[in-house]
Structures are given as structure tokens and as C-alpha cells.
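What follows is one structure encoded as C-alpha cells, with my remarks underneath.
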Number of protein chains: 2
Amino acid sequence: MNRDKHISSAFDRDLETIQAMVVKMGGMVEAAITDASSALDTRDEDLADDVRRRDKAIDLMEVQINEDAARLIALRAPTATDLRMVLAVIKISASLERVGDYAKNMAKRTEVLAQMPQIEGAGIALRRMSQAVNKMLQDALDSYIRRDAELAHDVRQRDLEVDQMYNALFREFLTHMMEDPRNITPCMHLHFIAKNVERMGDHATSIAEQVIYLVTGELPDEARPKSNSVPVTAPAGGM
Amino acid sequence: MNRDKHISSAFDRDLETIQAMVVKMGGMVEAAITDASSALDTRDEDLADDVRRRDKAIDLMEVQINEDAARLIALRAPTATDLRMVLAVIKISASLERVGDYAKNMAKRTEVLAQMPQIEGAGIALRRMSQAVNKMLQDALDSYIRRDAELAHDVRQRDLEVDQMYNALFREFLTHMMEDPRNITPCMHLHFIAKNVERMGDHATSIAEQVIYLVTGELPDEARPKSNSVPVTAPAGGM
């Protein structure tokens with residue numbers, strides 16, 4: 001829709017090149033999430049190691065996008081909406097980089113967890129949660145490319161479900177820990193992974209909020225409404 | 001040092017206004033950290049509640065800084081180093097906003113923890129860790145204002161100490177949890193707080209890395225070298 005307004009086609013071309021890099025970076029991050037959660041579930045240390053190594057390339061993509069965005073601003077001196085679109089690209093790539101870090105972290109903990117007793121159902125649950133987050137991330141990027149505020153709002157809504165998955169897992173881990181002290185250490189790691197996946201969802205949400213801001217000119221009512229949520233329900237005996 | 005190059009004084013003036021807002025935002029975030037860790041240690045729910053309420057103003061500062069930075073770019077069309085300085089302001093304010101969120105989260109958990117058995121030494125240890133992070137944050141902002149790469153390198157180094165404090169606490173919490181299942185729920189929350197404080201340190205480090213990039217034109221060897229560190233040492237019986 002911004003397309004109607006004006007804009008030199010040179011700016012458009014440059015922005016599209018950068019957006020293509022963001023999409024590519026998004027694909028790398030999504031692959032990292034998929035592989036990290038699969039490695040965790042199947043205790044595949046080689047795959048986990050591969051995810052860790054690939055994070056370097058994701059970090060470099062962010063640096064490249066930042067540099068290209070700065071060059072575009074300097075060269076074309078965009079204003080108003082055009083400028084905001086370029087600045088949004090910088091924020092989006094920063095979010096993607098953080099999500100990549102979380103995937104790398106999941107891979108690191110996989111190698112630690114592989115030495116510990118397995119917690120029933122945790123691998124599958126985390127994989128399901130990761131899939132939900134991956135879809136959010138895809139749709140958030142898609143909403144950016146298409147300037148689709150409706151899709152962005154939908155992504156925001158779905159963050160609630162991810163938060164609920166996290167809260168359910170939190171309670172489950174507490175139960176396992178109280179049942180058997182040998183479960184404490186693996187559950188501490190699994191809990192961290194669950195929290196990191198939830199944080200990935202927060203980043204997808206924050207990308208969606210950028211899109212809403214770009215398209216409507218206003219941030220949603222309460223930005224990032226559910227990040228850092230604190231589950232307070234503990235199983236009986238948890239006090 | 002960038003001051004030597006050229007630059008309309010109008011740009012300088014505008015940038016200084018924005019930088020003053022960043023410094024003010026930094027002060028608000030530092031106060032949030034201090035109050036949140038003090039509230040946690042003394043179980044002061046009123047103070048915790050105050051920290052939670054003040055986070056809204058921190059969020060608004062980020063929005064304001066972003067808008068002013070975008071306006072500055074549109075108005076003065078800065079290039080090269082000037083442009084990078086403005087873009088750095090955007091990234092720094094994003095980091096500060098995240099740190100503010102972590103402080104708010106600490107305050108939220110304080111209210112939950114106030115209902116649970118106290119874990120000896122945890123409040124003091126977290127307060128000490130928060131102080132170290134606060135000093136890192138102050139120095140990181142100071143290094144930005146003074147374009148002081150040496151100070152920025154020093155901030156980066158100190159992140160190691162914060163990571164060590166976190167690792168020590170992680171092991172301590174595991175021990176408490178294994179000793180008595182009633183400690184599990186409070187330790188889960190305290191562990192999260194410790195991890196969030198460690199993440200605040202990562203953000204201070206990332207501000208310092210922005211400064212190093214601005215001053216030297218290069219990111220440090222390995223950006224964010226210690227974030228998401230995984231403590232693997234468990235106390236005896238932890239497996």
C-alpha cells in the first residue's frame with residue numbers, strides 16, 4: 001500500500017534486495033529452530049552441533065543487513081514511511097538474530113541433556129511448541145513483506161497459545177522434579193529451553209508489532225503484552 | 001573523534017538531544033534494576049509494584065527515541081559515521097527497553113516469591129549481581145557518550161564475572177532443590193531471575209559492542225561471546 005505513494009524505483013529495488021536478505025535470514029533461523037528441536041527430541045548430537053555452527057552465518061546476515069540498510073539510507077535519503085520501512089528491517093533482523101541465538105542455546109543444552117535421564121514427553125512437547133513458534137515467525141515475516149496488518153494481528157494472538165504451552169510445561173517440570181530429585185537437573189535445562197522457545201514467540205510477536213506500526217502508524221494497545229509472563233500455579237506441595 | 005570530520009552543527013545539536021534522552025532512559029532503567037533487586041531482597045511488594053508501573057514510561061522513551069532518530073535521519077540525511085551514530089541510538093534504546101522488561105519481570109516474581117519459603121543468601125547474591133550489571137550498563141552508556149572504546153572493552157570483560165556469578169548461583173539453587181523439595185518452586189523463580197540478570201549483562205555488553213563498532217569500525221572478535229552460557233556442572237547427585 002505504501003507502494004502507491006511515490007518513491008524512486010531505485011529505492012524500491014534496493015529495499016527489495018534487503019528484504020530478500022531478511023527473508024533468507026528468516027529461512028535460516030526457521031531451519032535452526034526445526035533442527036534444534038528435532039535434535040533435542042531425538043538426542044541427535046551431530047545435528048545439534050550443526051545448528052551451533054550455522055549460527056555464525058545468521059549473525060553475519062544481521063551485520064550485512066544493517067550495513068546495507070545504512071547504505072540505503074545514506075544513498076537514497078528516504079523519509080517518512082520509506083525510512084520507517086528501512087528502520088523496521090534493522091529491528092526485524094535484530095529479532096531474528098536473537099531467535100537464532102535461542103536455537104543455538106537449545107542445541108547446546110541438547111548435548112548436556114543427552115547425558116541425563118530422559119523426561120517423558122518433554123521432547124515432543126518442546127517440538128510442538130517450536131513448530132507453533134516457527135509458524136508465527138514465518139507469518140510475521142510474511143506480514144512484513146506483504147504489509148499485512150491483519151496477519152500480523154493474528155501472529156500476536158497466537159503468542160497466547162505459546163504462552164499457555166509454556167505454562168503447562170512449567171507445571172509438568174515442577175511435578176517431575178518433586179517426584180524424583182534425579183529429574184531436577186534435566187528439568188532445569190528443559191525448563192530453560194521452554195522459556196527460550198516462549199521468548200522466540202515474543203520476538204515473532206515483536207516483528208508483528210513492527211508491521212502493525214508500519215501499516216497503521218500505531219503500536220498495538222499494549223506492546224508485548226505477555227512477554228516475561230510468570231506462571232504462578234504450582235502443583236500441590238510446590239510451596 | 002567523529003566530531004573532527006565535518007557535520008552541520010544542527011545535526012550535532014539534534015543528536016545530542018536524542019543522546020540526552022538515551023542517558024535519561026538509562027537512568028530510569030538503572031533505577032528499575034536497583035529497586036527491583038532491593039524489593040526482591042527485602043520482600044518489599046510495594047516497591048516491586050512501583051517498578052512494574054514505571055516500566056511503561058521506559059517503553060514510551062524507546063518509542064520517542066526511535067521517532068526522534070527517524071526524524072533526525074529524514075531531516076538531516078546524515079551519512080557514514082553520523083548515520084551509524086543515529087542507528088546505534090536506536091539499538092541502544094532497544095537494549096535498554098529489554099533490560100527494563102527484565103527488571104519488571106524481577107518485580108513480578110518478587111510478588112510471587114514473597115509467598116514462598118525464603119532461600120538463604122539468594123536475595124543478597126542477586127542484589128550483588130544486579131549491582132555489577134548496573135555498573136556495566138552505566139559504563140556502557142558512558143562509553144557511548146564519550147565514544148570510549150577502551151571503556152567499552154572493559155564492560156565486555158566484566159560480563160565474564162557476571163556469568164560466573166550466575167553459574168555459582170545455578171549450582172547453589174540445584175543444591176537447595178535437592179535438599180528439600182519445598183525449595184523447588186522458589187528456586188525455579190530465583191533461577192529465572194538470576195538468568196534475567198545475566199541477560200541484562202548481555203545487553204550491556206551488546207551496547208558496549210555497538211560502541212566498539214562505532215569507534216573502530218569493527219565488531220569485536222566474537223560478538224556476544226558468552227551469552228546463553230550453559231552451566232553443566234551439577235552438584236553430586238545431580239544426575
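Structure summary
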| read-out | value |
| --- | --- |
| So A:LEU96, is it under 10 Å from the mean Cα position of the chain (by Cα), buried (at least 21 other Cβ atoms within 10 Å of the Cβ) and aliphatic (A, V, I, L, M) | yes |
| Residues located in the range B:151-191, provided they are within 14 Å of chain A (Cβ to nearest Cβ), of a type outside the set (D, E, K, R) and within 15 Å of the chain's Cα centre (by Cα) | B:TYR166 |
| Residue in the range A:117-130 that is closer than 22 Å to A:ALA57 by Cα and within 19 Å of the chain's Cα centre (by Cα) present | yes |
| Number of positions in the range B:192-213 that are at the interface with chain A (Cβ under 9 Å from one of its Cβ atoms) and under 13 Å from the mean Cα position of the chain (by Cα) | 2 |
| Filtered residues of the range B:115-124 (kept if on the phi < 0 side of the Ramachandran plot and more than 7 Å from chain A (Cβ to nearest Cβ)) | B:GLN115, B:PRO117, B:GLN118, B:ILE119, B:GLU120, B:ALA122, B:GLY123, B:ILE124 |
| Flag for B:HIS153 being modelled with pLDDT of 95 or more and over 23 Å from B:MET25 (Cβ atoms) | yes |
| Residue list for the range B:155-196, filter: without any contact (Cβ under 8 Å) to a residue 24 or more places away in the chain and either farther than 23 Å from B:ARG109 by Cβ or among the polar types (S, T, N, Q) (or both) | B:GLN157, B:GLN164 |
| Test: residue in the range A:137-150 that is within 30 Å of A:ASP46 (Cα to Cα) and either over 20 Å from the mean Cα position of the chain (by Cα) or surrounded by fewer than 23 Cβ atoms within 10 Å (Cβ to Cβ) (or both) | yes |
| Residue count, the range B:32-55 (criterion: surrounded by 16 or more Cβ atoms within 10 Å (Cβ to Cβ) and either under 14 Å from B:GLU97 (Cα atoms) or not charged (D, E, K, R) (or both)) | 14 |
| Helices (runs of 4 or more DSSP H) fully within the range A:1-114 counting 2 or more residues that are within 13 Å of chain B (Cβ to nearest Cβ), out of contact with any helix residue (DSSP H, G or I) (no Cβ under 9 Å at 6 or more places or on another chain) and acidic (Asp, Glu) | none |
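The values are calculated or read from the model by the stated rules, or taken from the named source; none is laboratory data. Since the structure is predicted, the reported quantities are computational estimates derived from the model, not experimental observations. Cβ coordinates were reconstructed from backbone atoms using ideal geometry, including for glycine residues, and neighbour counts include every protein chain displayed.
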